[in-house]
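One structure below.
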Amino acid sequence: MKQDSILDAIDRRIVAELQRDASLSHAELGERVGASSASCWRRVRALEDAGILTGHVRLVDPARIGRGVTVLCNIRVRSHSIDDRISFEQFVQSCPEIVECFSMSGDWDYLLRVVVADVAGYNSFLMDTVLAHPAVAGGSSHFALGTTKYTTALPI
């Protein structure tokens, strides 16, 4: 199970179902994918052992917990030295407001997805925290006006 082509049809159905609802019992999963409970248990364990399935989470609606503003923030670093990259990436890991961070090609070095309560909160976070980091040369912010599509499920 080291590569995508090794997944058979039942494994693919298991992965698709678990991406929709990770709380399914092995019996419920078996009913949905056409396999026995024991077979599902073995297959899920093998998928976990292969690193294909990782973690179990519950998704939270950001607006319902007072984090209704989403900002995509491009970051340019001062230098591409290993020390600056490590320092910035450790900084990103320490900021709960940053929920995703991508290292990018092109004009910007990183793309951050930031969730905050309001515009004033983002302004404070950007100015006092992100732009104050010694590795950061500049940034550009884009406020999400709404969410057209959001999914954590990968095509399988």
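A short reminder: the numbers here are calculations on the coordinates, not readings from a lab. From a predicted model like this one, the values you see are computed outputs, not experimental measurements. With ideal geometry, Cβ positions are generated from the backbone for all residues, glycine too; neighbour counts draw on all protein chains shown.
Quick one: work out Rg over Rh on the C-alpha atoms of the range 52-156, Rh as Kirkwood radius.
In the range 52-156, Rg relative to Rh is 0.98.
So, counting K/R as plus one and D/E as minus one, what does the shell of residues with Cβ under 14 Å around CYS40 add up to?
Local charge sum for CYS40: -1.
If you fit an axis through the alpha-carbon atoms of helix 37-49 and take the longest principal axis of the Cα set of the chain, what angle between them do you get, 0 to 90°, nearest 10?
40
Could you compute the FRET efficiency for HIS142 and ASP83, with r as their C-beta to C-beta distance and R0 at 30 Å, rounded to 0.05?
Efficiency at R0 = 30 Å is approximately 0.55.
Which residue, ARG85, ARG67, ARG58, has the most motion in a Gaussian network model of the chain that connects Cα atoms within less than 10 Å?
It is ARG58.
Over the chain, what relative contact order in percent results from Cα pairs under 8 Å that are six or more residues apart?
Reported as a whole number, the value is 26 percent.
So how tilted is helix 82-93 from the main axis of the chain? Cα-based, degrees 0 to 90, rounded to 10.
Here the helix axis deviates by roughly 70 degrees.
To the nearest 10 degrees, how steep is helix 9-20 against the longest Cα principal axis of the chain, on a 0 to 90 scale?
Tilt of helix 9-20: around 50 degrees.
In nm, to one decimal, how far is the modelled label at GLN90 from the one at ILE10, with both set 7 Å along Cα→Cβ?
Distance between the two pseudo-spin positions: 4.7 nm.
Add -39500 (n - 2.57) for each DSSP H run of 4 or more in the chain, then divide by its residues: what number comes out at 222 nm, to the nearest 500 deg cm²/dmol?
Calculated mean residue ellipticity at 222 nm is -10000 deg cm²/dmol.
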